[in-house]
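Data block below; observations after.
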Amino acid sequence: MKRAPTPEEHHQISTSFKRVKISTSPGELRLDRDIDLLLHSSKWMPCSQENHPPSSSGRIVELHSNNGSTLIRDAVDPLRIKLTLVQSRERWTFVLQLPRMYPHVPPVVTRVSREILPELSTSGGCDGLSAVMVASSVMQRGEPPVPDVVLVRCAPPCFENNRMELCSHEEEEGLWEIDSETSVYREWSPVSSLGELIEFLISIPEKRRQWWSVEANRRSHLQWMRSCSMVTPVMQNLSDAQPPSLMPSRQYSNQIMRSPQRCHKEQQQQYPSSPCDMEAESLEAIEGSPFIANRFDVGYERGSVMHHWGVR
């Protein structure tokens, strides 16, 4: 007759059948390699174990750089990283979420924040300034706005002449000019590393201050913000004054803030083109394409156009 197992044996059996993580995603393996590359460089070093002990998997959780930046890896989600840097009385924080197929899929910057550090009070010097000098210094101290989003894009294989057209994305159309110039990383590729993206993020505050220091850029940005603030009350007044049948549609009001390319694309989706128009658009696309029509060179005459019946 079999004896009943003891509680100790029950515990051993349940422990042996406990589900454990036996595999790691490719993104985690590549991230471990990128962090090792950061540690082998002379810019980053791991923090002391007394302040921040390593995770249960043995990974290094926190790193410090010689310029005061801090890189913290989430102990629960190893694909989540927080980068903190301090530059000229500003503390910037970037939260990155790396996909499981990293680096073939680019990382995503989920949050960007900036905190102004308190300035130490100094006596003397400011009392003798004139009103003009004070106004000029206040204008120069005006900090650029914080980017709403930081985009990481793959670099497409395109020609130099058509780079701006092929590299345009719908998400970039709604960005400010300062965001498009300083907060979009367009050089990501499957061979890129975390260190390259970190260097780009660290350079964002300085690049935005340089862009903001140009008076023409600053004035154009402020003028665009004023125009946006004036459009909203006008559309609200029109919606309150007119009956529902005469109210402007939301699509028409949003077209004021959209680019012509995006408006044209939405109109094409709402009102499909006729077969004749589609044929004309296909011919225009072939003529404007950077590739030749017969790029495989199967013996046809170069420059010949396919007839709409499929016969040359």
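Every read-out reported here was derived from the displayed coordinates using simple, explicitly stated rules and does not represent laboratory data. Remember, predicted model here, so these are calculated numbers, not experimental data. With ideal geometry, Cβ positions are generated from the backbone for all residues, glycine too; neighbour counts draw on all protein chains shown.
Couple of notes before you dig in:
- Residues 185, 102 arranged by fewest to most Cβ contacts within 10 Å: 185, 102
- Cut-off under 5 Å, modelled amide H: who pairs with residue 61 long-range: 55
- For residue 45, neighbours were defined as the other residues whose beta-carbon sits under 13 Å from its Cβ, and their charges (Lys and Arg +1, Asp and Glu -1) total -1.
- Proximity of backbone amide H atoms, modeled 1.01 Å from N, is registered between residue 90 and 117 at under 5 Å, excluding neighbours fewer than 5 places apart on the same chain.
- Using the Cβ-Cβ distance between residue 191 and residue 148 with R0 set to 25 Å, the FRET efficiency from 1/(1 + (r/R0)^6) comes to roughly 0.30.
- For residue 195, the shell of other residues with beta-carbons less than 10 Å away shows a net charge of -2, using +1 for Lys and Arg and -1 for Asp and Glu.
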